[in-house]
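Undergrad: Quick one: this structure, given as structure tokens, is what I'll be asking you about.
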Amino acid sequence: MNKIAVIGKVFVDIKGTSFAPLHKDAKNVGDITFSNGGTGRNVAQNLAVLGNEVRFISTVTNDQIGVGVLDELKSYGANVDHVEMLEDHGMGMWLAVMDNEGDLQTSISKQPDAKLLEEAILRQSIYALDGVDAVAIDLDLSVTVLERLIHLCRKMELPLFGVCGHLSVIERNRHLLQGFTGFICSREEAEILSDLSIVTVEDAIHVANELAKKGAPFTVVTMSELGAVYVDRRTATSGHVGTKKVKVVDSTGAGDSFFSAVLSELTQEKSAEEALKLGMKVAAEVIASTENGLVPEMLDTLQ
């Protein structure tokens, strides 16, 4: 069993899904649900469900909602001993508006207390990274924290993989990607980071290669219905993995699920192509459900 440390934020997601096409100047009738989310938390859930030994490093608010977040993660098998409980602002809230096709149209994000979260991450990482096989981090953290964690992982010789919960920090500090073993982003994020356009699979491989030259040697770019591409400059290989079309119920968490499955396979020394294939399968399962991530009931369909 792989031991993977996951570092990132916790959010409580409030999703409103319209029954009909959205109209900004009218009341939209639909359904509203509450669920636990956040890129870091989602990745921890996915990796645990996939059978990895997960140590989650984060904060939650010391109330019934925060306790519920931890209880849910523990039910999936994740270790939450390194999650600190704060009296206030220990986690964020995300209000999402989805159209009748299940696609995200707009959102409002309330962030957790950045200073307290990052202090907790730095405290806990000293102990939580000991003995793990790899580290996954949500890149929506401060430059100081990312630099400290890059340094720590280098010192401990740990593979470090980054996923974009939000692009703003990395967009302004692209050099940080040089400290990562692997980096996974969407087509839109890759276009922003590379200042290049992606239309075809060949475009995506070119962009992934340009990003890998200046950043993480293993770089993956996802392209929704076109699948995903990878470039691994350590082995001078690249490739494309397609995906099957599925009916979108809710696209939230699909990218986190893809990232988790790819990382899970890579830490088991599977090939990049095998890793991307599982990533596509897992993402498809999540997209076709109302879940933010992989749940045990989905595992049978992945075989």
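The values are calculated or read from the model by the stated rules, or taken from the named source; none is laboratory data. Predicted, not measured: the structure shown is a model, and the values here were computed from it. Reconstructed Cβ throughout: ideal geometry from the backbone, glycine too, with neighbour counts over all protein chains shown. Accessible surface areas use protein heavy atoms only, side chains included; no ligands, DNA or RNA. Shrake-Rupley method; radii C 1.70, N 1.55, O 1.52, S 1.80 Å.
Undergrad: Per residue, how many Å² of accessible area does the stretch 58-153 show with a 1.4 Å probe?
TA: Each residue of the stretch 58-153 exposes 48 Å² on average to a 1.4 Å probe.
Undergrad: Taking the Cα centre of the chain as origin and charging only Cβ (+1 Lys, Arg; -1 Asp, Glu), how large is the dipole, in debye to the nearest 20?
TA: Rounded to the nearest 20 debye, it is 540 debye.
Undergrad: Summing Lys, Arg as +1 and Asp, Glu as -1, what charge do residues with Cβ under 13 Å from the Cβ of residue 131 carry, residue 131 excluded?
TA: -2
Undergrad: How far apart, in nm, are two points set 7 Å out from the Cα along the Cα-to-Cβ line at residue 233 and at residue 142?
TA: For residue 233 paired with residue 142, the spin-label model returns 3.0 nm.
Undergrad: P(r) for the stretch 78-172, please, calculated from all Cα pair distances in 10 Å bins and given in %.
TA: Spelled out per bin, shortest first, that is 13, 40, 32, 13, 2.
Undergrad: Sticking with this one: Could you work out the local net charge near residue 208, counting Lys and Arg as +1, Asp and Glu as -1, over the other residues with Cβ closer than 13 Å to its Cβ?
TA: Residues near residue 208 contribute -2 overall.
Undergrad: I want to verify a result. In a Gaussian network model of the chain, Cα cutoff 10 Å, which of these has the top mean-square fluctuation: 106, 252, 59?
TA: For the chain, modelled as a Gaussian network with Cα springs under 10 Å, the answer is 106.
Undergrad: State the percentage of accessible surface on the chain attributable to carbon and sulfur atoms; use a 1.4 Å probe and exclude ligands, DNA and RNA.
TA: After summing per-atom areas, the C and S share lands at 51 percent.
Undergrad: Could you tell me how far the Cα centroid of the stretch 252-303 sits from the Cα centroid of the stretch 5-27, in Å?
TA: What the calculation gives is 22 Å, centre to centre.
Undergrad: For the pairs 244/277; 3/281; 9/270; 214/270, flag any whose C-alpha to C-alpha distance is greater than 18 Å.
TA: 3/281; 9/270; 214/270
Undergrad: Moving on. How would you rank 94-100, 216-222, 171-177, 283-289, highest first, on the average number of other Cβ atoms within 10 Å across their residues?
TA: Per-residue mean Cβ counts within 10 Å order the peptides as 216-222, 283-289, 94-100, 171-177.
Undergrad: Enumerate the lysines that residue 15 could reach by cross-link, defined here as Cα to Cα under 19 Å, with residues fewer than 8 away along the same chain left out.
TA: The reachable lysines, counting only those whose Cα sits under 19 Å from residue 15, are 24, 27, 110, 247.
Undergrad: Report the full-extension gain for the segment residue 72 to residue 199: residue separation times 0.36 nm, less the Cα-Cα distance, to one decimal in nm.
TA: Full extension from residue 72 to residue 199 adds 41.7 nm.
Undergrad: Same structure again: Per DSSP H run of n ≥ 4, the term is -39500 (n - 2.57); total these for the chain, divide by its residue number, and report the mean residue ellipticity at 222 nm rounded to 500 deg cm²/dmol.
TA: About -11000 deg cm²/dmol.
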